[in-house]
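**Student:** Here you go, one structure.
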Amino acid sequence: MSIEIRSVTKNFGKHCALKNIDLSIPGGELVSLLGPSGSGKTTLLRIIAGLEAPDSGSILFHGEDATKQSARDRKVGFVFQNYALFRHMTVFENVAFGLKVKPRRDRLSKSGIRDKVFQLLKLVQIDWLVDHYPFQLSGGQRQRVALARALAVEPRVLLLDEPFGALDAKVRKELRRWLRRLHDEIHVTSVFVTHDQEEALEVSDIVVVMNEGQIEQVGAPDDVYDHPANPFVHGFLGGVSIHGLPASAYVRPHEIELSRKRNGVPGFYGVVKYIFRKGTTVHLELERDNGECVDVEIDRDSFRDLELKEGEKVHAVPGNSRVFSN
Amino acid sequence: MRVGIKKFSVLPGFGISMGFSALYLSLIVLIPLCTLFIATAGLSLGEFMQIVTSPRVVASFRLSFGASLIAALVNSVFGLLLAWVLERYSFPGRRILDGMVDIPFALPTAVAGIALTAVYAANGWIGRYLEVLGIKAAFSPLGVVIALTFIGLPFVVRTVQPVLKDLDFEIEEAAATLGADRWKTFSMVILPHLIPAVITGFALAFSRALGEYGSVVFISGNMPMKTEIVPLLIITRLEQYDTKGAAAIAAVMLAASFVLLLIINLLQWRSRYYHAVR
Amino acid sequence: MSITRTSAVPNSTGEPAVVRWLLTGIALTFIFLFLIIPVAAVFAEAFARGFAGYVKALKDPLAVSAIKLTLLTAGIAVPLNMLFGVAAAWAIAKFEFPGKNILVSLIDLPFAVSPVIAGLIFVLLYGTYGLLGPWLVKHDIKIIFAVPGIAIATIFVTFPFVARELIPLMQLQANDEEEAATTLGARGWQTFFRITLPNIKWGILYGVILCNARAMGEFGAVSVVSGHIRGQTNTMPLHIEILYNEYNFTAAFAVASLLLMLSLITITLKSLLERRIHQGRYSR
């Protein structure tokens, strides 16, 4: 099921959350809306779901205008940031809810509902928690219940709002890989919101980078990473900028090479302000003559060879830099 | 594009719930309250002033405001103390005592009235000892204060308790590490946090005391010019078929209550804002 | 070179034991004088003539009719105010609209009005010389000095109880669960009965219990509109007043003891429910 967003604008009072957004999401893909907080990504997701009404513009599902459709009729699965599990219901009752509230003629039999719930709980690998209440579950388990509940109604699209936001780092990683595999299995068009670039790049087929209510770039993860469309995307995906060399250069911290001496290659000098050891890599913060700070990332071996200390001067050569036309 | 007084929401039922609420509120509260002002408007200013400045009315206002003020002050001091003891100390029966603080809320005022009269009358359990000391509790202005203290007792306790509970214990530890002794910590660090709640509780207790009827009429003795509170005077006028007199006195009383309500609301908005930015 | 003395670290964030004892002592004395003694006095006076006298007072036909009227009044006022409380809380907590703060303040209004004035306004509206008086007389409808007047005055004074309990509770719960139910295809009434209601049922019960206690015990407002017709428009508190003024103390306190027990049950349930509602945020 494809989703088409046509010139959607949304204001909250004086604050403009979305400015004339156009986006088409092809069917069966896993798409991430990536951006800092306040970029409008959650608002866009809620508008797709029908939980928020756009001030202008339209939403099309499979070419059909759904703007006037209520959230109830849109047949979207929505996974809320804090899961919004029904706290007075067991896991089973939560997942069965969407099946039970269907009009009688569309409703499955009791045993049909039961089978379907168990099938879903097996799919999300928590069938052993069926009689538990939400408060008895861990964050990761709640997330899976929320997903199973959303999938139970066989949604045309699956929408996830910061699906891993409330989880700790290890569970996040596990769960996002699992989500990727799950998507490969069920292939329902999915859109998820995240502020974590690593998450977006790792999991999704298409990344939509948003900022201040606008879309900055749409593309495959490699595309967006290797060919950022503008300084914002570059910066948001972990790039640094170096001004006046002679033009501004945009590079990634690991693409800067350091040496004790200038070897005739164009670059700049900087004083090592701080050194952070971070697993297999070392992060350095350089201060240039003009006061600009530049992050550099080198591997442990080169760091050892350079024998750098804080306060020492070093020559840096940005490689692979990009130039953006404004 | 949607146009309407409410913002878009996926949830239904705004029209019916809002419609019913507004209708019910108007029929039960707003329209009846308006009749009081309609009735008062039937009086000329001269007539109105004559009623509300007559000596008996003035005396009753003086008693009602004075006794309510004293009772609310007593409750502010003891309410703060009770809240502190119930929240900070543990002793056997604390939970039960904490629950008992709500008795004045839950006890019908008539029951409170006859119980307090029985206890504080000259031959009562406490009254007889006060009598020895030469203090006449029941059937005197003091009796009015006692009754109003009773019914206002929970307000300060219940407004201070949650603030005390939410108070970050670390600020006290911080004060201690900065060299403040316990009294300084309390007066300079803790008390400023509690004062808004105490004032709100004071205003609530005062407002409640001002309108109180049931618990007072038994213990006060109801002597005109001496122990006659405003609500009683209203009833007396009504029983004498002096509807206009009753309405005029009630209008003054109601205006005072509304001013108090406004102050209480402002206090509560302010403290909510204060908590939000904290 | 100094030798450190072993000493217990003084508790820097607690009061000295003397102060603690003193403050607790004052608090207990205050509670004893103002709460425990009056409560004990009610029971003592009620049983002053033994158990037989107590039972006799309660079996009196006038007492029985007062009890019945009190139950009837609460039976009318409480469900109506509950319905209103749920509707108002739904509108206020789940939707954004201008004038919301004013509406919330208006709901609290009856608490700021003296019970006597609450009674008076209905006399001014429905009494013989009231605004609607002539019309009511013409159609032979009696509201003041009759049961409808008692009921409506009671509704007025107990008006805010359920609403003011539910509004903050529902505002705290946000709309997530209801929105989730809607995306899963639930209709409005399905969402309300299956999602919202289970989440607020303890809050409703809490409001209802407090509303009921006040409805059964209201004195001032009812006193103004009732007319004190024995066996007809006398509620329990009015019956107590009459007995007391006739110096029939034992009977007055016997009926009072029933209301006292009601209020003790009320505060017990209240504190049980408070615990339940607070836990409810984490469990069911």
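**Student:** Within region B:144-165, find all residues whose amide N lies under 18 Å from a label point positioned 7 Å from the Cα of residue B:222 along Cα-to-beta-carbon.
**Tutor:** The answer is B:144-145, B:147-148.
**Student:** Quick query: amide H of residue A:159 versus all other amide H atoms, modeled in the peptide plane; which residues come in under 5 Å with a sequence gap of 5 or more or a different chain?
**Tutor:** A:77, A:78, A:79, A:191
**Student:** Using a Förster distance of 30 Å, how high is the FRET efficiency between residue A:65 and residue C:172, based on the Cβ-Cβ distance and rounded to 0.05?
**Tutor:** Approximately 0.20, to the nearest 0.05.
**Student:** Sticking with this structure for a sec: Per residue, how large is the accessible surface of region B:44-277? Use a 1.4 angstrom probe and give square angstrom.
**Tutor:** Heavy-atom SASA per residue in region B:44-277 reads 43 Å².
**Student:** Now for a separate question. Using a Förster distance of 30 angstrom, determine the FRET efficiency expected from the C-beta separation of residue A:9 and residue A:292, and round it to 0.05.
**Tutor:** 0.20
**Student:** Taking amide hydrogens as modeled 1.01 Å from N in the peptide plane, which residues meet the under 5 Å criterion relative to residue A:252, leaving out close sequence neighbours?
**Tutor:** Here A:240 satisfy the definition.
**Student:** Mind checking which of C:190, C:173, C:232 has the largest fluctuation in a GNM of chain C, springs on alpha carbons under 10 Å?
**Tutor:** Of C:190, C:173, C:232, the most mobile in the Gaussian network model is C:190.
**Student:** Suppose we look only past 36 Å in the calculated P(r) of the protein assembly as shown. What percent of the Cα-Cα pairs does that tail hold?
**Tutor:** For the protein assembly as shown, the share of Cα pairs beyond 36 Å comes to 62 percent.
**Student:** In addition: How far apart, in nanometres, would the label points at residue B:58 and residue C:44 be if each is projected 7 angstrom from Cα along the Cα-to-Cβ direction?
**Tutor:** Those two pseudo-labels are separated by 4.3 nm.
**Student:** What is the percent carbon and sulfur in the accessible area of region B:44-277, measuring with a 1.4 Å probe over the protein chains and ignoring ligands?
**Tutor:** The computed percentage sits at 67.
**Student:** Please check: in the Gaussian network model of chain A (C-alpha springs, under 10 Å), which one of A:44, A:137, A:85 has the largest mean-square fluctuation.
**Tutor:** Among A:44, A:137, A:85, the largest mean-square fluctuation in the Gaussian network model of chain A belongs to A:137.
**Student:** Using the Kirkwood radius over C-alpha pairs as Rh, can you work out the diffusion coefficient of region B:34-177 via Stokes-Einstein at 25 °C, viscosity 0.890 mPa s, in µm² per second?
**Tutor:** Using the Kirkwood radius from Cα pairs, D works out to 132 µm²/s.
**Student:** If the reach is capped at under 16 angstrom between alpha carbons, list the aspartates and glutamates near residue A:68, excluding any in the same chain fewer than eight residues apart.
**Tutor:** A:4, A:52, A:55
**Student:** Helix A:169-186 sits at what angle to the longest principal axis of chain A, using alpha carbons and giving 0 to 90 degrees rounded to 10?
**Tutor:** Between the helix axis and the principal axis of chain A, the angle is about 60 degrees.
**Student:** Rounded to the nearest 500 deg cm²/dmol, what is the calculated helix-only ellipticity per residue at 222 nm for the protein assembly as shown, with -39500 (n - 2.57) per DSSP H run of length n ≥ 4?
**Tutor:** That comes out to -18000 deg cm²/dmol.
**Student:** So what are the ³J(HN,Hα) numbers for region A:314-319, from phi and the Karplus equation (6.51, -1.76, 1.60; θ = phi - 60°), rounded to whole Hz, Gly and Pro as x?
**Tutor:** Those phi angles translate into 9, 9, 10, 10, x, x Hz.
**Student:** Between residue B:73 and residue B:122, what FRET efficiency follows from the Cβ-Cβ distance if R0 is 35 Å, with the result rounded to 0.05?
**Tutor:** Calculated transfer efficiency: 0.85.
**Student:** Region B:44-277: percent of C-alpha pairs farther apart than 30 Å?
**Tutor:** Result: 36 percent of Cα pairs exceed 30 Å.
**Student:** For the residue pair residue C:72 and residue C:268, what label-to-label distance in nm results when each label sits 7 Å from Cα along the Cα-to-beta-carbon direction?
**Tutor:** My value for the distance between the label points is 3.0 nm.
**Student:** Looking at the square roots a ≥ b ≥ c of the eigenvalues of the Cα gyration tensor of chain C, which shape do they give, rounded for a/c under 1.5, prolate if a/b is larger than b/c, or oblate?
**Tutor:** Judged from the Cα gyration tensor, chain C comes out oblate (a/c at least 1.5, b/c at or above a/b).
**Student:** Also, I was wondering about something else. Once amide H atoms are placed 1.01 Å from N in the peptide plane, what residues at a sequence separation of 5 or more from residue A:72, or on another chain, have their amide H within under 5 Å of its amide H?
**Tutor:** none
**Student:** Okay, moving on. Just tell me which lysines come within less than 29 Å, Cα to Cα, of residue A:110; anything on the same chain fewer than 8 places away is out.
**Tutor:** Qualifying lysines at Cα under 29 Å: A:75, A:100, A:102, A:122, C:201.
**Student:** A follow-up question, please. Using the Cα gyration tensor of region C:125-228, with a ≥ b ≥ c the square roots of its eigenvalues, what is the shape: rounded (a/c below 1.5), prolate (a/b larger than b/c) or oblate (neither)?
**Tutor:** Taking the square roots of the gyration eigenvalues as a ≥ b ≥ c, region C:125-228 is prolate.
**Student:** Okay, moving on. Counting only protein heavy atoms and rolling a 1.4 Å probe, how much accessible area do B and C lose on contact, total for both sides, in Å² to 100?
**Tutor:** Using a 1.4 Å probe, the pair buries roughly 7700 Å².
**Student:** Another question about this same structure. Cα axis of helix A:139-152 to longest principal axis of chain A: angle in degrees, 0 to 90, nearest 10?
**Tutor:** Taking the Cα atoms of chain A, the angle to A:139-152 is about 50 degrees.
**Student:** So which trypsin sites (Lys or Arg not before Pro) in region B:19-112 pass both tests, a DSSP loop state and at most 14 other Cβ atoms within 10 Å of the Cβ?
**Tutor:** Passing sites in region B:19-112 do not exist.
**Student:** Another one. Residue by residue through B:206-216, how many Cβ atoms from other chains fall within 10 Å of the Cβ on average?
**Tutor:** For peptide B:206-216, the averaged partner shielding equals 4.
**Student:** Measure nothing but the geometry: give the 0 to 90° angle between the long axis through the Cα atoms of A:91-100 and the longest principal axis through the Cα atoms of chain A, rounded to 10°.
**Tutor:** The answer is roughly 60 degrees.
**Student:** Order A:55, B:166 by their accessible area, 1.4 angstrom probe, all chains in place, largest first.
**Tutor:** Sorted by accessible area, descending: B:166, A:55.
**Student:** Please return the longest range in chain C lying between exposed loop sites, taking GluC sites (Glu not before Pro), DSSP loop only, at most 15 other beta-carbon atoms within 10 Å, and leaving the sites out.
**Tutor:** The longest such stretch corresponds to C:97-245.
**Student:** Where in chain C are the DSSP H helices whose C-alpha atoms run 27 Å or more along the long axis and whose mean Kyte hydropathy is at least 0.0?
**Tutor:** Correct list, ordered by number: C:61-94, C:197-217, C:249-280.
**Student:** Based on alpha-carbon atoms only, what is the radius of gyration of chain A relative to the globular estimate 2.2 N^0.38 Å?
**Tutor:** Against the empirical 2.2 N^0.38 Å value, I get 1.20 for chain A.
**Student:** Be a star and scan region B:256-272 for residues whose amide nitrogen sits under 17 Å from the point 7 Å along the Cα-to-Cβ vector of residue C:100.
**Tutor:** Of the residues in region B:256-272, B:269-270, B:272 have backbone N under 17 Å from the label point off residue C:100.
**Student:** Under the rule a/c < 1.5 gives rounded, and otherwise a/b versus b/c splits prolate from oblate, where does region C:1-154 land using the Cα gyration tensor?
**Tutor:** oblate
**Student:** By how many nm would the segment from residue A:154 to residue A:196 grow when fully extended, if each residue of separation counts as 0.36 nm and the alpha-carbon distance is taken off?
**Tutor:** Full extension of this stretch gives 12.3 nm more.
**Student:** If you don't mind, another one. Can you give me the pair-distance distribution of region C:57-146, C-alpha pairs, 10 Å bins, whole percents?
**Tutor:** P(r) over region C:57-146, rounded to whole percents: 13, 25, 34, 22, 5, 1.
**Student:** Take residue A:20 and residue A:273, extend 7 Å from each Cα along the Cα→Cβ direction, and tell me the distance between the two endpoints in nm.
**Tutor:** If labels sit at residue A:20 and residue A:273, their model points lie 3.9 nm apart.
**Student:** Sticking with this structure for a sec: Under 16 Å from the Cα of residue B:184, which lysines turn up, not counting those fewer than eight places away in the same chain?
**Tutor:** none
**Student:** Whole-Hz ³J(HN,Hα) for each residue in region A:290-304, computed from phi via Karplus 6.51 cos²θ - 1.76 cosθ + 1.60 with θ = phi - 60°, x for glycine and proline: what do you get?
**Tutor:** For region A:290-304, the Karplus curve yields 7, x, 5, 9, 10, 7, 10, 10, 10, 7, 4, 5, 5, 4, 5 Hz.
**Student:** To continue, here is another question. Quick one: Karplus J couplings for region B:17-28, per residue in order, coefficients 6.51, -1.76, 1.60, θ = phi - 60°, nearest Hz, x for Gly and Pro?
**Tutor:** Each residue of region B:17-28 in turn: 5, 5, x, 5, 4, 5, 5, 4, 4, 5, 5, 8 Hz.
**Student:** Taking each residue of A:46-53 in turn, how many C-beta atoms of other protein chains fall within 10 Å of its C-beta, and what is the average?
**Tutor:** Mean shielding by partner chains, rounded to a whole number: 4.
**Student:** Tell me, what are the semi-axes, in whole angstrom and largest first, of the equivalent ellipsoid of region A:97-138 as set by the roots of 5 times the Cα gyration tensor eigenvalues?
**Tutor:** The equivalent ellipsoid of region A:97-138 has semi-axes of 23, 12, 8 Å.
**Student:** On to the next question. Compute the separation of the alpha-carbon centres of region C:175-195 and region B:143-165 and state it in Å as a whole number.
**Tutor:** What the calculation gives is 41 Å, centre to centre.
**Student:** Would you mind telling me which residue in B:76, B:68, B:54 has the biggest mean-square fluctuation in a Gaussian network model of chain B, where springs connect alpha carbons within a distance under 10 angstrom?
**Tutor:** B:54
**Student:** I've got another one for you. I'd like the mean, over residues of C:238-249, of how many other protein chain beta carbons sit within 10 Å of each residue's own Cβ.
**Tutor:** Mean partner-chain Cβ count within 10 Å for C:238-249: 2.
The values are calculated or read from the model by the stated rules, or taken from the named source; none is laboratory data. Bear in mind that the values here come from a model prediction, so they are computed numbers and not experimental data. Using ideal geometry, Cβ is built from the backbone for each residue, glycine included, and neighbour counts are taken over all protein chains shown. With ligands, DNA and RNA removed, areas are computed over all heavy atoms of the protein, side chains included. Shrake-Rupley method; radii C 1.70, N 1.55, O 1.52, S 1.80 Å.
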